[in-house]
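J.: What follows is a single structure, and I will ask about it in a moment.
The values are calculated or read from the model by the stated rules, or taken from the named source; none is laboratory data. Since the structure is predicted, the reported quantities are computational estimates derived from the model, not experimental observations. Counting neighbours? That spans all protein chains shown, and the Cβs are built from the backbone with ideal geometry, glycine included.
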Ligand code: SF4
Ligand code: SF4
Ligand code: SF4
Ligand code: SF4
């Protein structure tokens, strides 16, 4: 019944894995399945699984389903659930922790917009140490191809021109944009942070 | 007793004198009430006022006192004259505070006050100072049936208070279920871990107490008597019989776990790897804190607890109720596994996890320890490999699924060891199957009445552990499902109740709830027609029959509710200070306005325990109600004799509201069956109304709770409007 990827049903194996690898994962077992988070989440109806379900699935040993779920990617960090959870679970943090873990294992859903955007944002930021808003926006518009990008650009034309007029958008940024002075130092910091994090989780970098 | 001398005292304080003509009241008390002495005072409950009354009692020979002022429920300490008979006319809560303000209401307000003074005087003249029951009984020992946790706790509580206790235990040893448990659910902070049962200590204390006698392997062959003078034949397995004389009895014989063999679909009785809580305790005791092993010796690596097994069942096949303790018990047992080895997979499968009070902390502690809780309903348990496969519906993930475990524990419920159901006919096979616990030699039957689901009745709303058999108390899971902590409270509470009962019996006074009442029912046997209504209707089994088939009152069993008095068709039952005449004379003494006066008169017969306080409270909160009503408190609606109704209708009252407590399985009646009896009797009033040519609406009944102050004002006002619509009674002037 037990395979490497699918632990036995309702055994502690996957729960233990989550506890070891996911931010605030040790709190998952404290959920009392009241459903308050599910009812509080403004996006609840748009997800595959509510936080309540995700936590139950972890306890039921549904590793595959949890880690490939789009649920944790949909969390907007509104903190409604944390504010209301009677068991004080840091739900938002756990959701992001799960997303992060799924991403690192390469199990996170492909083409999930939040995930794609997050990757794009991260790459954009770590490249120069500054967020290049113009590139980020265009990258986002054109992620589904040229046609879709042009359509989206035209849709948002008014906003763009407004920003230009108000000097909130510099078209020259397209040529590379501003960056940190000590870029190499910054990259070293990021690499170090990752190394520390991986060590903490028992992963090799 | 010396010559009766009556006196009326009218208080003009609390604003009474501002709105009500006290001089007129004095005149009424003198001329119509025929009081020998009539005085008024501007502050009657003050030192001077009370002193005046006391002086008249001591020096003027006053034996009967009528106080017109506040409600009979107020200032009881100031107006405490135990050697005199006393009636109270409720001018403050009953008139001043409820009649609408303004001059236009002066007339009706005054009429109301006048009538209450008339009624107070009329009642007073029919009263006598209760002398107390001469048949006192002096035995103060307490018999405890059952030597488990509840029984031993009760016996020790009695012993510590200085009373001797006798424990009768059916099995060969003390301890009960708690004695067969490895640990108990914690009863003290931090509520994190199972706790020692404490049973060994209890047993040691019971054995070493010089005040406690223990009979093991014994049952009650027969129990006779009444509070203060019970005799219990204690029979041992070997056949010898000892008679224990005791003053009160505590029934603490506990529960039997629901038979798991009735749950074959969950493997109960068929699969050796499926046990119940008791079965797991046995395994835990064998393991002594180490990893628990199954019956076949295999170490348990995974276990699942199935909650509510055979409980909360609406199919009619199993127990319909929740036993309340089993969620916490399963949590405790899951901890046995986790504490011995955190790697054992433990799943608790529940539908609702019910851990009241500090149980929530215990639940959290189990989660910390890694017990997995899953909301699901098991469909089947089947053998699988070396263990069991539990097929179930996960109620959160909404899917049918399964899990495997070495051992399955069924959280079955508590079935009360309540003896025979005395309400079943003798030839009912279900009755024959059960063995009696108390073997009471009462005409009402051998055991305590059963209320619901096989549990012995105890007054669960107001007076837990008080049963319908005075001086016999039900504690622990025999009266409702419960855990050890609740049973402990029960046991101590019942011990104190038992002590109260034996002390009152020794003084010839009523036990609870009218604790200390000296009046008791007297029956004029010459007039008795042997109809047996009193015997049958007495909610407390206080009345037996003598050899000549006349009712035989056991006063120390009697609670003084008056239901027998209400039942008696020839009205030969009375109390010295409460009888057919004390109320009847009030009904007949009014100054009844004529049919064309547009002033109806509505009689309220209000239960003094709940409805009358609710009416007082309506006054206190100034909820205005009609000045056309006149309220008479009754001990219990069950004491209402139909003659009061006929008398009232014949004397021209336009309507009657009966206010009593809730009846049925969730009764709130102090006297359990009193209000039910009243309702039953009233169902026959329709005939009387028809005979008199009156509308059925002229007599109505309402169930009133003590909190219903707004509601009772509303009921009164609606009813008066309804009566105005029907028209006044044509019976006026004939009474
Ligand atoms: S923080 Fe995330 S999971 Fe929580 S309510 Fe908001 S969106 Fe939902
Ligand atoms: S609100 Fe908290 S306890 Fe309730 S289901 Fe959500 S995470 Fe669990
Ligand atoms: S206490 Fe829990 S297991 Fe027991 S019947 Fe109630 S809900 Fe079910
Ligand atoms: S009916 Fe009430 S008053 Fe009458 S004997 Fe029974 S308990 Fe006593």
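J.: Conditions first: (1) surrounded by 16 or more Cβ atoms within 10 Å (Cβ to Cβ); (2) more than 16 Å from ligand 2 (Cβ to nearest atom); (3) in a helix (DSSP H, G or I). Residue A:108 passes all but one, so which condition is the exception?
T.: All conditions pass for residue A:108, except number (3).
J.: Scan the stretch B:24-58 for residues that are touching a strand residue (DSSP E or B) at 6+ places or on another chain (Cβ under 8 Å) and part of a helix (DSSP H, G or I) and jot them down.
T.: Hits for the stretch B:24-58 are B:25, B:26, B:29, B:30, B:48, B:49, B:52, B:53, B:56, B:57.
J.: If you don't mind, there's one more thing I want to ask. Under the condition of being within 21 Å of residue B:286 (Cα to Cα) and either within 10 Å of another protein chain (Cβ to nearest Cβ) or crowded, with 24+ Cβ neighbours inside 10 Å (or both), which residue from the stretch B:339-360 is farthest from ligand 4 (Cβ to nearest atom)?
T.: Across the stretch B:339-360, the extreme among qualifying residues is B:343.
J.: Here is a further query. Looking for something out of contact with any helix residue (DSSP H, G or I) (no Cβ under 6 Å at 6 or more places or on another chain), assigned to a strand (DSSP E or B) and within 14 Å of chain A (Cβ to nearest Cβ) - is there at least one such residue anywhere in the stretch B:439-450? Outline the logic, then answer.
T.: Here is the first cut: in the stretch B:439-450, the residues out of contact with any helix residue (DSSP H, G or I) (no Cβ under 6 Å at 6 or more places or on another chain) are B:439-450.
Next cut, assigned to a strand (DSSP E or B) only: B:440, B:450.
Still in the list and also within 14 Å of chain A (Cβ to nearest Cβ): none.
Looking through the stretch B:439-450, none of the residues is out of contact with any helix residue (DSSP H, G or I) (no Cβ under 6 Å at 6 or more places or on another chain), assigned to a strand (DSSP E or B) and within 14 Å of chain A (Cβ to nearest Cβ).
J.: Where in the stretch B:518-590 are there helices (runs of 4 or more DSSP H), lying wholly inside it, with at least 2 residues that are closer than 30 Å to residue B:114 by Cα? Show your work before the answer.
T.: Values: elements: B:533-537, B:563-567, B:580-588.
Here the list reads B:563-567, B:580-588.
J.: In the stretch B:235-281, what residues are assigned to a loop (DSSP other than H, G, I, E, B) and either in contact with a strand residue (DSSP E or B) (Cβ under 7 Å, 6 or more places away or on another chain) or on the phi > 0 side of the Ramachandran plot (or both)?
T.: B:239, B:247, B:252, B:253, B:254, B:258, B:263, B:267, B:268, B:269, B:271, B:273
J.: Sticking with this structure for a sec: Which of the residues belonging to the stretch B:658-675 are within 16 Å of ligand 4 (Cβ to nearest atom) and more than 17 Å from residue B:707 (Cα to Cα)?
T.: Passing the criteria: B:671, B:672, B:673, B:674, B:675.
J.: Something else: Inspect the stretch B:658-678 for any residue being free of Cβ contacts under 8 Å to residues at least 60 places away in the same chain, part of a helix (DSSP H, G or I) and not assigned by TED's automatic domain parsing to the domain that holds residue B:542 and give the result as yes or no.
T.: yes
J.: Can you name the number of the only condition in (1) touching a residue at least 12 places away in the same chain (Cβ under 8 Å); (2) within 14 Å of ligand 2 (Cβ to nearest atom); (3) over 23 Å from residue B:398 (Cα atoms) that residue A:72 fails?
T.: (3)
J.: Taking the condition without any contact (Cβ under 8 Å) to a residue 24 or more places away in the chain and closer than 23 Å to residue B:662 by Cβ, does residue B:686 pass? Working first, answer last.
T.: Details: without any contact (Cβ under 8 Å) to a residue 24 or more places away in the chain: yes; closer than 23 Å to residue B:662 by Cβ: yes.
So residue B:686 fits the description; yes.
Listed here are the residues, each with its yes/no results for (1) away from ligand 3 (no atom under 16 Å from the Cβ); (2) within 25 Å of residue B:423 (Cα to Cα); (3) touching a residue at least 60 places away in the same chain (Cβ under 8 Å).
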{"residue": "B:474", "(1), (2), (3)": "yes, yes, yes"}
{"residue": "B:477", "(1), (2), (3)": "no, yes, yes"}
{"residue": "B:490", "(1), (2), (3)": "yes, no, yes"}
{"residue": "B:502", "(1), (2), (3)": "yes, no, yes"}
{"residue": "B:509", "(1), (2), (3)": "yes, no, yes"}
{"residue": "B:519", "(1), (2), (3)": "yes, no, yes"}
{"residue": "B:560", "(1), (2), (3)": "yes, yes, yes"}
{"residue": "B:573", "(1), (2), (3)": "yes, no, no"}
{"residue": "B:576", "(1), (2), (3)": "yes, no, yes"}
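J.: Okay, next question. Applying the selection to the stretch A:61-95, what residues are within 12 Å of ligand 1 (Cβ to nearest atom), crowded, with 19+ Cβ neighbours inside 10 Å and over 19 Å from the mean Cα position of the chain (by Cα)?
T.: Within the stretch A:61-95, just A:85 meets the criteria.
J.: Still on this structure, I have one more. Scan the helices (runs of 4 or more DSSP H) fully inside the stretch A:7-99 and keep the ones with 2 or more residues being within 14 Å of chain B (Cβ to nearest Cβ).
T.: A:13-21, A:36-40, A:51-59, A:63-67
J.: Another one. Of all residues in the stretch B:369-410 being out of contact with any strand residue (DSSP E or B) (no Cβ under 8 Å at 6 or more places or on another chain) and free of Cβ contacts under 8 Å to residues at least 24 places away in the same chain, which is farthest from the other protein chains (Cβ to nearest Cβ)?
T.: Going through the qualifying residues, I end up with B:398.
J.: Restricting to the stretch B:602-620, name every residue that is under 16 Å from residue B:583 (Cα atoms) and either outside any helix (DSSP H, G or I) or over 19 Å from the mean Cα position of the chain (by Cα) (or both). Can you show your working first?
T.: Pass one, the stretch B:602-620, residues under 16 Å from residue B:583 (Cα atoms): B:602-608, B:612.
Listed by number, the residues that qualify are B:602, B:603, B:604, B:605, B:606, B:607, B:608.
J.: Of all residues in the stretch B:508-549, count the ones that are over 21 Å from residue B:671 (Cβ atoms) and crowded, with 16+ Cβ neighbours inside 10 Å.
T.: Going through the stretch B:508-549 one residue at a time, the tally reaches 1.
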